[in-house]
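Report on the following structure.
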Amino acid sequence: MCRAGVSLWPRPSPSWTPVAGRVLREALTGPLSGHQVMLMVDDGVQRSLSLDLLLTGLTSPTVLLHTTTHNTNNHFTTQQLPTAQDVLLVVVGTGSPWLLWSPPGWLSPRAVLVLVAAQTCSARKHFQSPLLQNTPSVALLCLNHKPQTPEYSTYSVMTHFPLSANLEPVSLGTWHPDTFTTLEDLFQDQFQDFGGKDIILTTSVNDAPLVFRRADGEVDGICARILNAMSFWLNFNFNFESSKGSSVWGERDENGSYNGLLGQVQRSEAHMVVNYLTITHQRIHDFDYSISYFSEGFGVMLRDPPPLPQWQSILYPYTAVVWASMVGVVILVTFSYYLTSFRGLHLSPIESFMIVLQSLMNQSVSQEPLVWVSRGLLGLWLLATWVLRVSYTSNLMAFLTVPALQEPLDTLEQLADDDLRLCMLDYGEFVPEALATSKHPTLSNLGAKMDMVPMVDTLAYGGEEGCVELVVSTTHAHVETYSYVRLLYHNLGHGGQVYPLKEQLYLGNLAFFFTKNTPWKYKFDIGMRRLVEAGLVWYWYSDIMQEDVNKGKLRESRLPVLSLSHLQGPFLLLVVGGGLATITLLAERLLQPNTTSP
């Protein structure tokens, strides 16, 4: 135990104080046992109690906090403050201490127990204090009316539910250590039911797949489905139609004030915002935030590189290394066949090359080798050329219908070194400033190439169309949240013309943001954690992404039709093949001995 002083509160009647001391001891050794307890005792009550005796032998770590009063400002001097604030136990007299009405910012216990050591107890007034209103679990111990002698007095345990229609205190029964043995017995969840409360949202419904409006006018998305599940569980109402929406997420000025969606939450014009907002160091100091329900970064969408010339399609099936290897193998096989068949057929090097070339062109061999070594070599070569012909023909058919593209950009480093500039909609995200001020050379280079496009509320996607036009014209790469930018291009009919960079920028954890010191925020943490762990959030994400991508594919789907440009390669191959056949014929005629009799 650590004692740090007392406070000046109104003094109760001393005759009832021993009863409060007994209940205090029973609470500390009963349901509060094993938990970190902060104890604050009214000055008058403390002088009538033997605190040293009451706190002796406790197994629970108990800290007695010291309060002083300086003029009209109340200050705390604390020693050995607990890092984990489990339970705050406040023993009061007839007055209502300032601690309940003006709690310091560092005070955030999970539960508060108020013990009134006086004959009169204003339960409703205590429950209306800010500290009890903003604490998840509270209980109040009030003296029952009115026994003949103090030693037979009992205490009533009460709580309240601030979001219910009935704001009157609710009795949990008469205090007895055998009845209230655990924290769960003593403290009821104040926010187990929101009582049909209207939760005021601020959101933009143009943020797929998180929040977006379907073609039928209904609002859908991952956040919408989370809110539907939470509202069913906690019994509250919300309405996207009455949402105090904005097209700007929110930027913080030098005075600490936000504009846009976050500004509305900061000014308590709305309870929460549910768009693509990541947990950042700055935001966690200005808002309450839920657990992370999804992790995603900013993607970079680029135009597909232009296709290679169609007339080169005869070369596409093999890489340069394979072509070079084939030339080397043809030369090696020609030389080997010439050496092994020279004694039998007396072939010249040119004749040996023509035989090797015949098998490669799927022509029969005109002369059968006489030496078994030559036959074996020629047989292996015939098998190898069959594999080469089949693979070449199969790949050529694929390249005729699917155009071969130039090597695409795959990494942020390649993008930073490329001539492409970056484009992003100016709606208050941190990415442009983070890139521009980054000390990483790749990120700073990207920031130097960033062009911001103004928002246009009259357009369907708020101005994103401007970046889409720049990407289609092959001058820019589009920076936007990874899933949203994929759906955007599919919905605009450009899904088959672009591709996302494999790397993402600033991968972050998405969360709901609430007004600072929202007392029921922890209920969202509990419910959202269950949805995440059950796999429902990922299932909803996959369902929305697949559904929208399929719609985009239907708009883009069209069977490819072969045109003259596709046939440039085959016709060129026909010309080359005819030329080689002509050369082969002439060579055979010139080299073949003339057997015609005079």
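The values are calculated or read from the model by the stated rules, or taken from the named source; none is laboratory data. Remember, predicted model here, so these are calculated numbers, not experimental data. Cβ: placed from backbone, ideal geometry, glycine included. Neighbour counts: every protein chain shown. The accessibility values were calculated without ligands, DNA or RNA, using every heavy atom of the protein model including side chains. Shrake-Rupley method; radii C 1.70, N 1.55, O 1.52, S 1.80 Å.
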Residues of the stretch 20-54 being assigned to a helix (DSSP H, G or I), farther than 14 Å from LEU141 by Cα and under 46 Å from the mean Cα position of the chain (by Cα), in sequence order, are THR29
task = Would you check if there is a residue in the stretch 379-387 being surrounded by 18 or more Cβ atoms within 10 Å (Cβ to Cβ), polar (S, T, N, Q) and under 30 Å from LEU360 (Cα atoms)?
result = yes
When restricted to ASP548, ASP525, the only residue open to solvent by less than 90 Å² (accessible area, probe 1.4 Å), within 43 Å of the chain's Cα centre (by Cα) and modelled with pLDDT of 90 or more is ASP525
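Quick grid of which residues meet (1) more than 21 Å from PHE514 (Cβ to Cβ); (2) β-branched (Val, Ile, Thr):
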{"residue": "SER164", "(1), (2)": "no, no"}
{"residue": "VAL170", "(1), (2)": "yes, yes"}
{"residue": "HIS176", "(1), (2)": "yes, no"}
{"residue": "ASP185", "(1), (2)": "yes, no"}
{"residue": "ASN255", "(1), (2)": "yes, no"}
{"residue": "GLY260", "(1), (2)": "no, no"}
Those residues of the stretch 265-297 that are under 16 Å from GLU429 (Cα atoms) and touching a residue at least 40 places away in the same chain (Cβ under 8 Å) come to a total of 11
Counted residues in the stretch 257-277 being open to solvent by 10 Å² or more (accessible area, probe 1.4 Å) and either within 16 Å of the chain's Cα centre (by Cα) or small (Gly, Ala, Ser) (or both) come to 3
- Query: Can ILE284 be described as under 23 Å from LEU505 (Cβ atoms), modelled with pLDDT of 85 or more and part of a helix (DSSP H, G or I)?
  - Reply: yes
Inside the stretch 313-326, the number of residues satisfying the requirement of being open to solvent by 50 Å² or more (accessible area, probe 1.4 Å) and either touching a helix residue (DSSP H, G or I) at 6+ places or on another chain (Cβ under 8 Å) or at pLDDT 95 or above (or both) is 1
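This table checks each residue for (1) more than 18 Å from ASP525 (Cβ to Cβ); (2) surrounded by fewer than 23 Cβ atoms within 10 Å (Cβ to Cβ).
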| site | (1), (2) |
| --- | --- |
| ALA215 | yes, yes |
| ILE222 | no, no |
| ARG225 | no, yes |
| ALA229 | no, yes |
| PHE232 | no, yes |
Of the candidates SER292, SER268, the one satisfying the condition of being outside any helix (DSSP H, G or I) and closer than 26 Å to ASP543 by Cα is SER292
Exactly one of VAL373, VAL390 is touching a residue at least 24 places away in the same chain (Cβ under 8 Å), open to solvent by 30 Å² or more (accessible area, probe 1.4 Å), closer than 30 Å to PHE335 by Cα and of a type outside the set (Ser, Thr, Tyr), and that residue is VAL373
*Looking only at the stretch 109-124, decide whether some residue is part of a helix (DSSP H, G or I), open to solvent by less than 50 Å² (accessible area, probe 1.4 Å) and modelled with pLDDT of 85 or more.*
yes
Checklist entry - Could you say whether any residue in the stretch 240-253 is of a type in the set (Phe, Trp, Tyr) and free of Cβ contacts under 8 Å to residues at least 24 places away in the same chain? => result no
